[in-house]
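Notes for the one structure printed next.
The values are calculated or read from the model by the stated rules, or taken from the named source; none is laboratory data. The model shown is predicted, which means the values in this text are computed figures rather than measured ones. Cβ coordinates were reconstructed from backbone atoms using ideal geometry, including for glycine residues, and neighbour counts include every protein chain displayed.
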Amino acid sequence: MSSLTETTLKLFSVLPPAERFHVRARALSAPLEAVAWRVPRGAVVAEVGCGHGLLSAMIATEDRSRTVYAVDPDPRKVKWAEEAAGGLPNVHFEVATVERLVAQRPGGFDAAVVSDVLYLLPREQWPEFLRSVRALLHLGGRFLLKEAEGNRSWKHYKCLAQEWVMVKLLGRTKAGGGLVLEPQDTVVALLQEAGFKLREVVELDKGYTTPHILYVAEAA
Ligand SMILES: C[S@@+](CC[C@H](N)C(=O)[O-])C[C@H]1O[C@@H](n2cnc3c(N)ncnc32)[C@H](O)[C@@H]1O
């Protein structure tokens, strides 16, 4: 585990054991540092669907000149995020949706991060959700979309089974009715339709049992 992850995880030691375990498991099972490193330095950042706030805390810790506005519709998650990382001077957590953030600061962000959220939304809501994320950014603003790739591999099916347990059986993750993984080509097309120019696609599944993939795009 690298020092950024270790340092950030220390913040979460104040949480109850089940939440601490969840956050540590998240840190070990997803390449969150690879996302954090790609956020421009000094940026005003929106993280939509921040969960317990681990990634937001990493982004804020890795570069103290970034300011992160992190939202999630689940009040339980935001409470834990606030307890753990709310003391960082450059992170602000709020129970909110992307639409609310757009209404507060349209075009007001240099970067937007969405990590493992899209798959929880019903598929028909993806285009509108991506258009709302686009509306957060000024022209040229960076969008980092971390998802699991729907590539029909064993990792794809393992990921769906695992998420089914988290969402439907344990109720640990709030979903809007989705649980869909789409292939790379489909996501790239949706990004373009929503007003993004694709810069890079980074396959991040090496060493993980989930087909992690990161889309790096720019508001066009
Ligand atoms: C798997 S967690 C990811 C948390 C964090 N982004 C990370 O990468 O560690 C998914 C989060 O998406 C949130 N979520 C579900 N539906 C959402 C929506 N429509 N808009 C924003 N967030 C949503 C859930 O409440 C949950 O906290």
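Determine if the stretch 61-81 includes at least one residue that is loosely packed, with under 15 Cβ neighbours inside 10 Å, closer than 20 Å to Ala219 by Cβ and at pLDDT 95 or above.
no
Could you grab me the full set of residues in the stretch 184-206 that are in a loop (DSSP other than H, G, I, E, B), farther than 18 Å from Pro122 by Cβ and not acidic (Asp, Glu)?
Once the filter is applied, which keeps residues that are in a loop (DSSP other than H, G, I, E, B), farther than 18 Å from Pro122 by Cβ and not acidic (Asp, Glu), the stretch 184-206 yields Gly195, Leu204, Lys206.
Condition test on Ala111, is it over 13 Å from the mean Cα position of the chain (by Cα), within 15 Å of the ligand (Cβ to nearest atom) and surrounded by 16 or more Cβ atoms within 10 Å (Cβ to Cβ)?
no
Only one of these is in contact with a Phe, Trp or Tyr (Cβ under 8 Å, 6 or more places away or on another chain), at negative phi and within 16 Å of the ligand (Cβ to nearest atom): Ala148, Ala217, Ala194, Ala175. Name it.
Ala148
Name the residues in the stretch 82-102 that are surrounded by fewer than 17 Cβ atoms within 10 Å (Cβ to Cβ), within 19 Å of Gly176 (Cβ to Cβ) and either touching a strand residue (DSSP E or B) at 6+ places or on another chain (Cβ under 6 Å) or without any contact (Cβ under 8 Å) to a residue 24 or more places away in the chain (or both), would you?
Glu94
Check Arg66, Arg38 and return the single one that is within 26 Å of Lys155 (Cβ to Cβ), more than 10 Å from the ligand (Cβ to nearest atom) and among the basic types (Lys, Arg). Working first, answer last.
Details: Arg66 fails: within 26 Å of Lys155 (Cβ to Cβ).
When all the criteria are applied, what remains is Arg38.
Please state which one of Leu160, Leu130 is closer than 18 Å to Glu218 by Cβ and more than 10 Å from the ligand (Cβ to nearest atom). Working first, answer last.
Values: Leu160 fails: closer than 18 Å to Glu218 by Cβ.
After applying the criteria, what remains is Leu130.
Mind listing whichever residues of the stretch 207-220 are part of a loop (DSSP other than H, G, I, E, B) and either buried (at least 19 other Cβ atoms within 10 Å of the Cβ) or in contact (Cβ under 8 Å) with a residue 12 or more places away in the chain (or both)?
Those that are part of a loop (DSSP other than H, G, I, E, B) and either buried (at least 19 other Cβ atoms within 10 Å of the Cβ) or in contact (Cβ under 8 Å) with a residue 12 or more places away in the chain (or both): Tyr208, Thr209, Thr210, Pro211, Ala220.
If Ala27 passes every condition in (1) within 11 Å of the ligand (Cβ to nearest atom); (2) within 24 Å of Glu200 (Cβ to Cβ); (3) assigned to a strand (DSSP E or B) but one, which one does it miss?
All conditions are met except number (3).
If we scan the stretch 166-183, do we find a residue that is of a type in the set (Gly, Ala, Ser) and either under 22 Å from Glu33 (Cβ atoms) or free of Cβ contacts under 8 Å to residues at least 24 places away in the same chain (or both)?
yes
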